[in-house]
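One structure is given here, and the rest of the page talks about it.
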Protein chains: 2
Amino acid sequence: MGETSDDRRRTALWVHAHPRRGSLNGRLFDVGTTALAPHYDVTSSDLYEQRFDPVLREDDLGSLAGDPGNMGDLLAGAYEAGELPSDIRAEQDKLAAADLLVLQFPLWWYGPPAILKGWFDRVITGGFAFGDVDPESGIPVRYGDGRFAGRRALVVVTAGEDARTLGPRGISGDLDSLLFPLTHGVLWYIGIEAVDLHVIFDADDIDGAGVDREAERLRERLRHVDAEPTRPFRRLRDGEYRGTRALRHDLAPGRTDLGIHRADVA
Amino acid sequence: MGETSDDRRRTALWVHAHPRRGSLNGRLFDVGTTALAPHYDVTSSDLYEQRFDPVLREDDLGSLAGDPGNMGDLLAGAYEAGELPSDIRAEQDKLAAADLLVLQFPLWWYGPPAILKGWFDRVITGGFAFGDVDPESGIPVRYGDGRFAGRRALVVVTAGEDARTLGPRGISGDLDSLLFPLTHGVLWYIGIEAVDLHVIFDADDIDGAGVDREAERLRERLRHVDAEPTRPFRRLRDGEYRGTRALRHDLAPGRTDLGIHRADVA
């Protein structure tokens, strides 16, 4: 088996959520997608450019619109029936093909902009990305498992605040915890493993030379992103959560912080 | 001074973010706004009903559209110049008048639906809600201070998962931490104090009798919401954050979890 034993060319999806193409984010989007091109077939979702509609509403349900039930189950039903709107199916097709997912956005109110939050709400539906149950164990296939298991993601985020303010004891909360709903709640839920966040702090005060430095830092990061370790969240199927719900008492005993969900915490 | 010394009738703003008026959320919206009416002038923002546009874009900047700078500063400039769009000014007027703010939504991907996230992105702008600096101390007026200081908020959230899954050691992360970007990052940032979350777990499996029970539980909660203690986050101006950024070493020593930002943690 030689170096080229995996002949399949890999695919990356870069999702970008900043309104200004002339911004630091716009520059990093261009730099990043270009840097990946030698190694990946790169597709992108430039959400503002596409005028992506982030509002999940009845219209997404096709012929199930108005049916009783909760939105999540109905969305899964609409997926199974092939009735999701074409803009959603297009995003699902891109995500389904992606070995590497990059999510890039400015931190607005300590989370992704609405246009990206709604991409999760509408695109990552049951049936498509989760919802199976393991027939042998009866355990739901989620948190580290499922169709997207083994794929990886990089989160690129610009923040107006500095590294101390968003650091482990920073007044705004540490960024890893603030984005846990994304790295664990969205990505890991469907099996995607995130590498460490790529953060540009003080992004509002950056000058031209600073932008060039950040562009180079992102290029360098992407050169090795395939070889980086991912954050080791615990897998549901490994039996560490009692009744699939709460962490066993013998693991991270007495602790109740979000850090207990890392598999490298004893 | 008698019981009626504060003659001003208070105002509540109820923001609702569920697409279905016939849902559990729709019912709780009706029940909640009705229950408050004897004690408050109740206004509401039913975001789906209003077809609220949650996408912050260049159009929000008025004559500053296309100007250099970051979106946050430009939004503040557009506010000061009276150039924000009318839908945003209407929301700001409602928020400015509110002594009590209720935010009600289903938990989607471990956070608010995009339509509510975008309400934060677009409505809570600099100039309007934050951005002052204390002239004596030079400390920015935020985290517990400012125009909205002393007002209170109730977050009403329905979740498909159960109390163990979203509890302190639950696999999905505890809900207080998942919503820290909202209770601390949005509300406390502009001075608004939140009382404990009002959570409806297992919301997807609830039957008619369960809906009635939840309606009554919400009514009961609202009866006393004015008297409840709020969660005691630390105030920036109290000097517990070094250089306004990271928590002093002598407070919650060695800890790096989000719980360190509570003022009742030694």
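With a ≥ b ≥ c the root eigenvalues of the C-alpha gyration tensor of the range B:152-228, is it rounded (a/c under 1.5), prolate (a/b larger than b/c) or oblate? Spell out each step's value before the answer.
Details: a/c = 2.65, a/b = 1.19, b/c = 2.23.
The shape class here is oblate.
Defining a contact as two alpha carbons under 8 Å apart and six or more residues distant in sequence, what relative contact order in percent does the range B:1-121 show?
Details: 141 pairs, mean separation 46.6, N = 121.
Contact order relative to length: 39 percent.
Given R₀ = 22 Å, FRET efficiency for A:L197-A:R10 by Cβ-Cβ distance, to 0.05?
Step by step, r from the Cβ atoms, then E = 0.50.
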*Would you work out if the protein assembly as shown is rounded, prolate or oblate? Take a ≥ b ≥ c from the square roots of the eigenvalues of the alpha-carbon gyration tensor; rounded if a/c is under 1.5, else prolate when a/b is larger than b/c, oblate otherwise.*
rounded
*Check every DSSP H run in chain A and write down those whose alpha carbon atoms cover 15 angstrom or more along the long axis and whose mean Kyte-Doolittle hydropathy is 0.0 or greater.*
A:24-36
*When a/c is below 1.5 the answer is rounded, else prolate if a/b is larger than b/c, else oblate, so apply that to the range B:12-84 with a ≥ b ≥ c taken from the square roots of the Cα gyration tensor eigenvalues.*
prolate
*Go through the range B:48-118 and name the GluC sites (Glu not before Pro) that are in a DSSP coil and have 10 or fewer other Cβ atoms within 10 Å of their Cβ.*
none
*Report, for A:E58, each distance to the same residue's label point in the other copies, shortest first and in nm; define the point 7 Å along Cα→Cβ.*
3.5
*If we hang a label 7 Å off Cα along the beta carbon direction at B:P168, how far is it from the matching labels on the other copies, in nm, shortest first?*
2.3
*Sticking with the crude label model, points 7 Å out along Cα→Cβ, report the distance from B:D134 to B:R262 in nm, one decimal please.*
2.5
*Can you list, shortest first in nanometers, how far B:P229 lies from the same residue in the other copies, with each label 7 Å from Cα toward Cβ?*
4.1
*asked:* Once you keep just the Cα pairs under 8 angstrom separated by 6 or more residues, what percentage relative contact order results for chain A?
replied: 18
*Mind checking which of A:G138, A:N25, A:F105 is farthest towards the positive end of chain A's charge dipole, using Cβ charges of +1 (Lys, Arg) and -1 (Asp, Glu) about the Cα centre?*
A:G138
*Hey, which residue of B has the C-beta nearest the axis mapping B onto A, and what's the distance in Å?*
B:D257, 2
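Taking 45 Å as R0, compute the FRET efficiency from the Cβ-Cβ separation of A:R147 and B:A81 and round it to 0.05.
After rounding, the FRET efficiency stands at 0.35.
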*So for the pair B:A37, A:D59, with labels modelled 7 Å out along Cα→Cβ, what separation do we get in nm?*
3.2
*Could you give the dipole magnitude of the protein assembly as shown about its Cα centre, charging the beta-carbon of Lys and Arg +1 and that of Asp and Glu -1, in debye to the nearest 20?*
900
*Return a whole-number percent for the relative contact order of the range B:64-157, with Cα pairs under 8 Å and 6 or more residues apart as the contact set.*
36
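Read the figures in this text as sums done on the coordinates, not as results from a lab. Since the model is a prediction, treat every value here as computed from it, not as a measurement. Backbone-built Cβ (ideal geometry, glycine too); neighbour counts: all protein chains shown.
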